[in-house]
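Novice: Could you have a look at this structure, given as structure tokens, before my questions?
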Amino acid sequence: MFDKLMGMWRGQSHDQQRPRTAPGAAGAKFPSTPVPPRVRPEMANFDVVDGVLVTTVLQPRLVGQDAADLVETVLAEVDHDGLVTNVIVDLENIEFMDSTALGMLVFLNNRLQIIDGRLVIVNAAATLEQMFKITQLDKMLPVCRDVMKAVGIVNRAA
């Protein structure tokens, strides 16, 4: 199921990305291969509430590679037991997200839809809620202020 969730993440999609230089290769003239995302369980706390995986992000900033690592970690948790297909991402600790993080949330949503799952965002700061509205992601991803309300949204959709 993990391969189904990841889709082309580890395959061709890396070839389509702009290559990065390897860490520590300051001034490298030729870029190395892209750094694949990795599972980092220290990035978030995970709880299951009424069959829904609630992911509380622990970092104050979600940018670049950290966003990709978070998605990889969430997908590993979804695949861990194979029973959980719906995810709530709690952004209560997030002060800043970049466009990469927004793209990674869309990617996570798309992967969950493959297995008939759903993604809901919870506890986003006012600035983040505004960003979701400006980018119209709030039309694709439900944004709530309460975890239990989000659990209700997910369970009603199922």
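Novice: So which residues in segment 70-93 are farther than 17 Å from Leu119 by Cβ and either among the polar types (S, T, N, Q) or touching a helix residue (DSSP H, G or I) at 6+ places or on another chain (Cβ under 7 Å) (or both)?
Specialist: If the condition is that a residue be farther than 17 Å from Leu119 by Cβ and either among the polar types (S, T, N, Q) or touching a helix residue (DSSP H, G or I) at 6+ places or on another chain (Cβ under 7 Å) (or both), then Asn93 is the only one that fits.
Novice: Name the residues in segment 130-142 that are part of a loop (DSSP other than H, G, I, E, B) and out of contact with any strand residue (DSSP E or B) (no Cβ under 6 Å at 6 or more places or on another chain), would you?
Specialist: Thr135, Gln136, Met140 - these are the residues of segment 130-142 that are part of a loop (DSSP other than H, G, I, E, B) and out of contact with any strand residue (DSSP E or B) (no Cβ under 6 Å at 6 or more places or on another chain).
Novice: Given Ala101, Ala124, which one is in contact with a helix residue (DSSP H, G or I) (Cβ under 6 Å, 6 or more places away or on another chain) and either of a type in the set (D, E, K, R) or buried (at least 21 other Cβ atoms within 10 Å of the Cβ) (or both)?
Specialist: Of the residues listed, the single one that is in contact with a helix residue (DSSP H, G or I) (Cβ under 6 Å, 6 or more places away or on another chain) and either of a type in the set (D, E, K, R) or buried (at least 21 other Cβ atoms within 10 Å of the Cβ) (or both) is Ala101.
Novice: Find all pairs meeting these conditions: Cβ atoms under 8 angstrom apart; at least six residues apart or on different chains; first residue within segment 40-62 and on the phi > 0 side of the Ramachandran plot; second residue surrounded by fewer than 19 Cβ atoms within 10 Å (Cβ to Cβ) and of a type in the set (S, T, N, Q).
Specialist: As it stands, the answer is Asp50/Asn155; Gly51/Asn155, since those pairs meet every condition given.
Novice: Is it the case, given these coordinates, that Leu112 is touching a Leu at 6+ places or on another chain (Cβ under 7 Å), buried (at least 19 other Cβ atoms within 10 Å of the Cβ) and closer than 15 Å to Val52 by Cβ?
Specialist: For Leu112, the condition - touching a Leu at 6+ places or on another chain (Cβ under 7 Å), buried (at least 19 other Cβ atoms within 10 Å of the Cβ) and closer than 15 Å to Val52 by Cβ - is met.
Novice: Is at least one residue of segment 151-158 surrounded by fewer than 16 Cβ atoms within 10 Å (Cβ to Cβ), farther than 18 Å from Thr56 by Cα and small (Gly, Ala, Ser)?
Specialist: Yes: one or more hits.
Novice: Taking Arg111, is it within 12 Å of the chain's Cα centre (by Cα) and among the basic types (Lys, Arg)?
Specialist: When the stated conditions are applied, Arg111 passes them.
No value in this document is a laboratory result; all are computed from the given coordinates. This structure is a prediction, so every number in the text was calculated from the model and none was measured. Please note: Cβ atoms are built from the backbone with ideal geometry, for glycine as well, and neighbour counts cover all protein chains shown.
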